[in-house]
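Student: Have a look at this one.
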Amino acid sequence: APAAAIRLYADDVVTHVAVTQVRISGQSKTASARPVLNLENELPLLWKAAHSDDFGQFERLSIFGILCGGSAAEICQTEAEDIHALEGYYVLGGTKKESRRRPVVIINETHLKLLTQYKSGYVVGEKVALQQNHSQRFAKVLREVTGNERLVPYSCRHTGKHLADTKGVGHLDVLETMFGWNSGQKQAKDNYGKAGIFTKPYIEQMKQITN
């Protein structure tokens with residue numbers, strides 16, 4: 001039931017947060033033409049789908065990506081060797097430059113299980129990774145689960161960052177970088193980040209969205 005799903009979501013990801021649908025600060029009027037994900041009615045349904053075997057691994061990982069900054073295109077190019085299960089994060093693939101790869105938090109055990117389904121190669125398997133219809137597949141599951149035919153992958157672009165903002169951590173360097181909102185020379189862009197070295201305090205800051 002939607003009510004049960006949103007309780008699960010609130011317990012696991014945004015504890016003690018009042019989930020409401022609001023305009024993102026700084027969002028232009030023209031951006032409103034793109035439908036955004038309804039946080040009160042549609043997001044709980046997607047959260048439930050992410051935990052359901054009725055949907056494929058790629059689709060479920062893409063839903064989890066809404067909450068931690070991983071786009072469908074990046075997830076399908078992520079490799080098994082970049083899953084750091086003990087530390088609670090993985091490094092997204094799919095970027096054009098090695099130095100732009102960024103760490104993303106693992107939300108919960110279901111998320112981890114999906115990420116580690118394949119022990120080598122791409123986390124979604126080579127067949128899915130090499131397909132060219134990732135955005136279309138993600139759009140299809142968004143519409144199927146919510147019943148909203150207007151939703152597109154970009155509808156989820158602001159969702160995770162907004163939820164981090166409601167927890168009071170969205171402004172952190174680490175969280176902005178994780179969600180791909182940080183264009184400046186911030187912590188993940190320094191020489192440690194470029195070398196793929198992400199310290200424990202850095203990762204612990206990321207995990208504030210799941211505490």
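The values are calculated or read from the model by the stated rules, or taken from the named source; none is laboratory data. Quick caveat: nothing in here was measured; it's all calculated off a predicted structure. Heads up, the Cβs are rebuilt from the backbone with ideal geometry, glycines too, and the neighbour counts pull from every protein chain shown. Note: accessible area is taken over every heavy atom of the protein model, side chains too, but ligands, DNA and RNA are not part of it. Shrake-Rupley method; radii C 1.70, N 1.55, O 1.52, S 1.80 Å.
Student: Taking the range 142-154 as the search range and keeping residues that are part of a helix (DSSP H, G or I) and open to solvent by less than 60 Å² (accessible area, probe 1.4 Å), which one is nearest to Lys48 (Cα to Cα)?
Tutor: Val145
Student: How many residues does the range 160-211 contain that are within 12 Å of the chain's Cα centre (by Cα), modelled with pLDDT under 80 and small (Gly, Ala, Ser)?
Tutor: Matching residues across the range 160-211 total 1.
Student: Inside the range 160-175, can you point out the residues that are open to solvent by 40 Å² or more (accessible area, probe 1.4 Å) and either among the polar types (S, T, N, Q) or in a loop (DSSP other than H, G, I, E, B) (or both)? Reasoning before the result, please.
Tutor: Let us first name the residues in the range 160-175 that are open to solvent by 40 Å² or more (accessible area, probe 1.4 Å), namely 165-168, 171, 173.
Listed by number, the residues that qualify are Thr166, Lys167, Gly168, His171.
Student: Give just the number: which of (1) at pLDDT below 90; (2) open to solvent by less than 50 Å² (accessible area, probe 1.4 Å); (3) under 14 Å from the mean Cα position of the chain (by Cα) does Arg157 not satisfy?
Tutor: (2)
Student: Okay, next question. Could you list, in sequence order, all residues of the range 121-141 that are outside any loop (DSSP other than H, G, I, E, B) and loosely packed, with under 15 Cβ neighbours inside 10 Å?
Tutor: Answer for the range 121-141, where residues must be outside any loop (DSSP other than H, G, I, E, B) and loosely packed, with under 15 Cβ neighbours inside 10 Å: Glu126, Lys127, Gln136, Lys140.
Student: What are the residue pairs meeting all of these: first residue in the range 81-108, first residue of a type in the set (S, T, N, Q), second residue at pLDDT below 80, Cβ atoms under 6 Å, and 6 or more apart or on different chains?
Tutor: Final answer for the pair search is Thr95/Arg101; Ser99/Lys194; Asn108/Asp12.
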